[in-house]
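Input: a single structure, listed below in structure tokens.
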Amino acid sequence: MHPAGAAVALEPEAAAKQDAPLRVLLIEDSAADSELVNHQLKSGGFHFVSETVNTAEQFRQMVRTFHPDMILADYNLGEWRGMDAVDILREEGVDIPLILVTGALGEVMAVDCIKQGAADYVLKGGLSRLPLAIRRTLQDKALRAEQRRGQEELAAKVKELARSNRDLEQFAFVASHDLQEPLRMVAAYTQLLAERYKGKLDDKADKYIAYAVEGALRMQALVRDMLAFSRVGRNGAERGLTDFNLALSAALLNLRAVIEENGAVVHAATLPTVKADQSQAIQLFQNLIGNALKFRGKEKPEIRVSVERQGAHWAFCVADNGIGIAPEHKEVIFVIFQRLHARSEYEGNGLGLAICQKIVEQSGGRIWVESEPGQGSAFKFTWPVSESERK
Ligand code: ADP
């Protein structure tokens, strides 16, 4: 029997350059077997120190003080089994691999030990396999540690990203909200200037004032859309049921003047009632139909709003006969501030579709476009079927 605490340090040339020796704790009650294992480690090229224990108390003590990297345990020690060490390791909250080194172990028993937490087992009759088993076990452990580190890093990054996203949203909301008031003043007073002094100063002054008015109005529209964008998702937890027929009607009412101006026709199918914020549903239809009118072709605009059930989702479609979109632009148009045309060609600030996407994705759906240049566009989005209709 080996007294606990007697360290055996062996340094084969092969591994002499490594810095810290591998700390091996043997659970073994036969001095001869312990020697054999040490010999095997030495001839396997390990740079190591080892300790030997043979009772549960000694083992627990050594786990705390010797800090082993690897445990080699005899299966049967009379009073306790080497496998009980796995429980002690768990109690101590440490992840140290344990390899059973045992006289005889049936296949079933071996599989059982591995299920309980042993990393591997080596028969005493085949000790030459021990170095390989140790190397593999250490590699597995290093890999596990690396994976864990990777997962922790990823989780920390996701958390940080969510935080900075929240900050940004809050910033956008506060900025656009607080900009409204001073902007209202700038717009109102430049408009007043225009009314009061038009024709009373020189031509240049008229032109400059007109530019200032135009700029202020454009900025107001931009701030209003930015606020709409950052509002999506705020207070969104308590969404009730919204009849999409009513939302569509409200959107069409808001667009009435443009619809009439363009002589447009809108065909609408009967739409379902779903869980949604009503004003967001109106905004969604208004942005899509507004775009269908804005990006019209030579013919009179004809817009079709349709829907079909696809399992747990409704698939909506707003199709037009307008100018269409080239394949390479189908994704980028949903990105905030992304536009395909100069403002002189088409008014806008590139927020409309970004708002639509945010509204749809908040509900658990997705939005995309199917289109060919000159062939019209079909904006499609999915929306979850409401709980009551799912049953
Ligand atoms: P905006 O309308 O202010 O430019 P949007 O985000 O609503 O911003 O749209 C982004 C771009 O997508 C538009 O500039 C336009 O090029 C394209 N687009 C959107 N809707 C249509 C449509 N119905 N037909 C053709 N192009 C469209």
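Taken together, the values in this text are just the output of simple stated rules run on the coordinates, not laboratory data. Fair warning: this is a prediction, and the values are worked out from it, not measured in the lab. Reconstructed Cβ throughout: ideal geometry from the backbone, glycine too, with neighbour counts over all protein chains shown.
Taking 0.36 nm per residue of sequence separation and removing the Cα-Cα distance, the A155/K207 pair yields an extension gain of 13.1 nm.
Relative contact order of the chain, taken over Cα pairs closer than 8 Å and 6 or more residues apart, is 9 percent. Give the residue list of GluC sites (Glu not before Pro) in region 197-306 that are DSSP loop and have at most 12 other beta-carbon atoms within 10 angstrom. The qualifying sites are E238, E299. Distance from the Cα centre of region 37-95 to that of region 232-290, in angstrom? So the two Cα centres are separated by 70 Å. Counting only Cα atoms, the size of the chain along its three principal axes is 110, 55, 38 Å, in decreasing order. Structure remark: mean-square fluctuation, Gaussian network model of the chain, C-alpha springs under 10 Å; the largest value among A142, A216, A319 belongs to A142. Annotation: peptides 117-126, 287-296, ranked by per-residue average of other Cβ atoms within 10 Å with the highest first, follow the order 287-296, 117-126.
Here the 3J(HN,Hα) profile of region 312-329, calculated from phi with Karplus coefficients 6.51, -1.76 and 1.60 at θ = phi - 60°, is 7, 10, 9, 10, 9, 9, 10, 10, 10, 10, x, 6, x, 9, 5, x, 6, 9 Hz, Gly and Pro shown as x.
Taken along the Cα-to-beta-carbon direction at a fixed 7 Å, the label points for S249 and S388 span 1.8 nm. Full extension of the chain between E308 and N76 gives 76.7 nm of extra length, using 0.36 nm per residue less the Cα-Cα distance.
Annotation: amide H of L77 within the under-5 Å range of G82, sequence separation 5 or more or interchain, hydrogens built in the peptide plane.
In this calculation the C-beta distance from D140 to L36 is compared with R0 = 25 Å, giving a FRET efficiency of 0.55. Pairs exceeding a 21 Å alpha-carbon distance, out of K330/K380; K157/K380; K207/K294; K115/K141: K157/K380; K207/K294.
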